[in-house]
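Working notes for the structure below.
Every read-out reported here was derived from the displayed coordinates using simple, explicitly stated rules and does not represent laboratory data. These numbers come from a predicted model, not from an experiment. Every residue, glycine as well, gets a Cβ built from its backbone with ideal geometry; the counts of neighbours run over all protein chains shown.
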Ligand code: GRG
């Protein structure tokens, strides 16, 4: 990805958030929050914020908003790795947070990161000149996408479906919720703070939903095709947990074809709505061709 400057800006904004957290929460919780926020990652959601913002005419620096979205994502990874969830030892090439700081701290850190992210999103939207109404919409959008009707709901469905074969439509709902919602919200809030019209918002959301689903299909594929070293997290985890995945239901080639067709349709929809953005289209392609 040729997004080095934007990635650096996101990392710097995350470091500022980590610093704030360490001032607000002394000791292990503050330190562990910094561990979660500064722990690498591809920053796909943050980059989607940047490129949606620019595609809708934004000319400021949306790194604060991108960092807020990445903070929500980082919390979800901390909780996803807990022993009561996926019970994983490795994330982003390092020991998972609960392995370093223990389960109680990891639980508190994950929870603390949600209001931290909400406040950061509000502040960033105001600083970009979005106005209080739009800033409130941004926070509402992120909380909705990461809540029971989005990420948390998808995760719950995922847990309930462990150990049995899910149908394809059930799996699509799981993936759209646990991964697609936050990816779609990343694109949408980027557009919102740039003053996107209702039609542009609808197009961005549709693009984000399709790319988000494709991203999770690619995740399923990588779980069986990539190594633990390349992924920075344990490969083959879906099989260990007896999870239904796109490759288990459609085969590897079927899963690849579904992901590619979603990305084609996402990009065509964006162009159809008059949003021409080579970086957004490149990120959509990266979502399914990434090595990790
Ligand atoms: C308590 C029911 C309940 C839910 C809590 C844990 C949780 C909320 C939600 C889990 C959602 C989740 C972790 C989805 C997986 C998304 C995914 C594909 C993660 C990997 O994303 P990448 O590849 O990771 O973008 P990097 O490390 O690059 O940022």
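Tell me, what does the Kirkwood hydrodynamic radius of the chain come to in angstroms if you use every pair of distinct C-alpha atoms?
18.9
Modelling each spin label as a point 7 Å along the Cα-to-Cβ direction, I'd like the residue 127/residue 199 distance in nm, to one decimal.
For the pair residue 127/residue 199, the computed spacing is 3.4 nm.
Quick check on the stretch 1-48: take the gyration tensor over C-alpha atoms, sort the square-rooted eigenvalues as a ≥ b ≥ c, and tell me if it's rounded (a/c under 1.5), prolate or oblate.
Prolate.
Please label the shape of the stretch 91-198 as rounded, prolate or oblate, based on the square roots a ≥ b ≥ c of the eigenvalues of the alpha-carbon gyration tensor (a/c under 1.5 means rounded; beyond that, a/b larger than b/c means prolate, else oblate).
The shape class here is oblate.
Considering Cα pairs under 8 angstrom that are at least six residues apart, work out the relative contact order of the stretch 4-289 and quote it in whole percent.
Answer for the stretch 4-289 is 20 percent.
Can you show me the helix-derived [θ] at 222 nm for the chain, built from DSSP H runs with n ≥ 4 at -39,500 (n - 2.57) apiece and divided by the number of residues, rounded to the nearest 500. Write down the numbers at each step before the final one.
On the way: 15 runs with 214 residues, N = 292.
That comes out to -23500 deg cm²/dmol.
Rg and Dmax of the stretch 104-144, Cα atoms, in Å?
Over the stretch 104-144's Cα set, Rg and Dmax evaluate to 11.9, 39 Å.
Going by the alpha-carbon gyration tensor, a ≥ b ≥ c the square roots of its eigenvalues, is the stretch 23-173 rounded (a/c under 1.5) or, if a/c is not under 1.5, prolate (a/b greater than b/c) versus oblate?
Since a/c reaches 1.5 but b/c is at least a/b, the shape of the stretch 23-173 is classed as oblate.
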